[in-house]
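Structure first, then comments.
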Amino acid sequence: MFIFAKDTVITTYHRAQIAKDFIQHNYMNYLILQYPGHNWVYYQSADQLALAELQIAGTKFECDLQEIEIKMIANLRYIHFSTDKPLSERDLNILSKLSFVFALFKVDEEDPDSTTLTPVELPIKFHLDPKISTLLKYKGKTNELFTRMMLNIAVHSSDFAFDKKLELLDPVSGKGTTLFEATTFGYDAYGIEVEGNALQEGQTFFKKFLEEERFKHTRSSRVIFKNQGESPAEITEFEYALSKQEFKDENTRSRLAMVHGAAAEAYNYFKKERFHVIVGDLPYGIKHGNKAGKVYGSPTRNPVELITESIPGWKKVLRKGGTIVLAWNSHVITRKKMARFFEEAELEVLNDAPYDQIEHRVDAAIKRDVIVVKKSS
């Protein structure tokens, strides 16, 4: 790799030698124009997140990624990387689904320092239109690009990155942003939410979306679990397909379901080792519904109780080789303490770089971090 410190002076001779080395070793140079999104504050803090997401997804590439770094060209921010051979169709497929990718360019092979860029077509293959996770707007909603980043990190850190059909659980699903993002990738998505109004709004929105897009679908509800003296947990499930022909075969149908219940009761709602990934964005500074208390739990602003009570159940419903990815406010729980909760449950916390480089500031009261946990296979 050709890595230089920021203050290194690179002469014309050095540049020529670097170009010669790149040609000799058949290195390819690429630049990703970072997706600007619709949230300038998030864009400003998303450069390190983009680097981390690319490094994690890059472990599944058919080529070796090197020289992953931020580059400014004409006051625009790009992610630069080099490869030992051209990107394959599989590599481009992975790249096209990363949260920060807006456009991909190849750099002039004879001059890796050139600003002459050739666009590379990306095979955008989303199952549902990504607009689905942007349409429902409400206060406190997580940025959809951050949610997509979490999904990508979860899948590419698991043993199931190339499985055709994945099942995802969001145990704190709110109105369903994570579930809706999962549908864009074609995953079957299941959520648990304690707050009935949020659940109802998410279900109403998804039904309306299916109707407006004219997808063949069904909606059904049933009691999924009941404890004596407590309100029953009810699941509302949608089955849908992009065409009537696909809907005829249950193997080509997709599913999205929401449970009105408690995150800690996941093992009562779903079969053992069902989910490939568990992804959740813990709400910041608002009340969480925990298992303790009447009905679905007493509210608290500290998610420690929620986490400690839920981990055993999450472990039961997670497949071997699967991952748990959670975002939380590290002002409330330190990363070290959060990691200890999972380690005590004999789950592997991925702490090496770049997994330890995803913390970023949201505002004065919130420093958001992401923990990635894997169940041994």
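Derivation of every value follows stated rules applied to the coordinates shown; laboratory data play no part. If you're wondering where the values come from, they're calculated on a predicted model, not measured in any experiment. Here the Cβ positions follow ideal geometry from the backbone for every residue, glycine too, while neighbour counts run over all protein chains shown.
Less than 10 Å Cβ to Cβ from residue 220, Lys/Arg counted +1 and Asp/Glu -1: what total charge do the surrounding residues give?
0
What pairs from 175/315; 97/165; 125/165; 60/272; 216/271; 141/175 go past 18 Å between their alpha carbons?
Among 175/315; 97/165; 125/165; 60/272; 216/271; 141/175, the Cα-Cα distance tops 18 Å for 175/315; 60/272; 216/271.
With a 10 Å cut-off between alpha carbons and a GNM built on the chain, which of 212, 239, 265 moves the most?
Highest fluctuation of the listed residues: 212.
Please report, in whole Å, how far the alpha carbons of the chain spread along each principal axis, starting with the longest.
79, 50, 39
How big is the range 111-207 by the Kirkwood estimate over distinct Cα pairs, in Å?
Result for the range 111-207 stands at 15.1 Å.
Explain nothing, just compute: Karplus ³J(HN,Hα) = 6.51 cos²θ - 1.76 cosθ + 1.60, θ = phi - 60°, for every residue of the range 141-157 in order, whole Hz, x for Gly and Pro.
Listing the rounded values in order: 5, 6, 4, 4, 5, 5, 4, 5, 4, 4, 4, 5, 5, 4, 5, 7, 9 Hz.
Could you name the aspartates and glutamates whose alpha carbon sits less than 20 Å from that of residue 337, not counting residues in the same chain fewer than 8 places away?
281, 305, 309, 346, 348, 352, 356, 359, 369
Where does the charge balance sit around residue 147 when Lys and Arg score +1, Asp and Glu -1, over other residues with C-beta under 10 Å from its C-beta?
Net of charged neighbours comes to -2.
Using only the alpha-carbon atoms, how far is helix 12-24 inclined from the longest principal axis of the chain? Give it as 0 to 90 degrees, nearest 10.
60 degrees
Note the full-extension length gain between residue 357 and residue 250 as 0.36 nm times their separation in residues minus their Cα-Cα distance, in nm to one decimal.
34.4 nm
Most mobile of 74, 257, 52 per a Gaussian network model of the chain (Cα springs, under 10 Å)?
The residue that fluctuates most here is 74.
Please find, in a Gaussian network model of the chain (springs between Cα atoms separated by less than 10 Å), the residue of 33, 76, 318 whose mean-square fluctuation is greatest.
76
Could you work out how far helix 304-317 tilts from the main Cα principal axis of the chain, as a 0 to 90 degree angle to the nearest 10?
For 304-317 against the chain, the angle is about 90 degrees.
Let me spell out the model: positive unit charges on the Cβ of Lys and Arg, negative unit charges on the Cβ of Asp and Glu, origin at the Cα centre of the chain. What dipole size does that give, in debye rounded to 20?
1340 debye
With only Lys, Arg, Asp and Glu charged, each at its Cβ (+1 for the first two, -1 for the last two), find how big the charge dipole of the range 122-187 is about the Cα centre; round to the nearest 20 debye.
Rounded to the nearest 20 debye, it is 320 debye.
Report, to the nearest 10°, how far helix 196-212 tilts away from the longest principal axis of the Cα atoms in the chain, using its own Cα long axis and a range of 0 to 90°.
With both axes taken from Cα atoms, the answer is about 60 degrees.
Okay, helix-only estimate at 222 nm for the chain: each DSSP H run of n ≥ 4 adds -39500 (n - 2.57), divide by all residues, round to 500 deg cm²/dmol; what do you get?
Using -39500 (n - 2.57) per qualifying helix, the result is -9000 deg cm²/dmol.
What does the charge add up to near residue 359, with Lys and Arg as +1, Asp and Glu as -1, over the other residues with Cβ less than 11 Å from its Cβ?
+2
Return the tail of the calculated pair distribution for the range 35-162, meaning the percent of Cα-Cα pairs more than 22 Å apart.
38 percent
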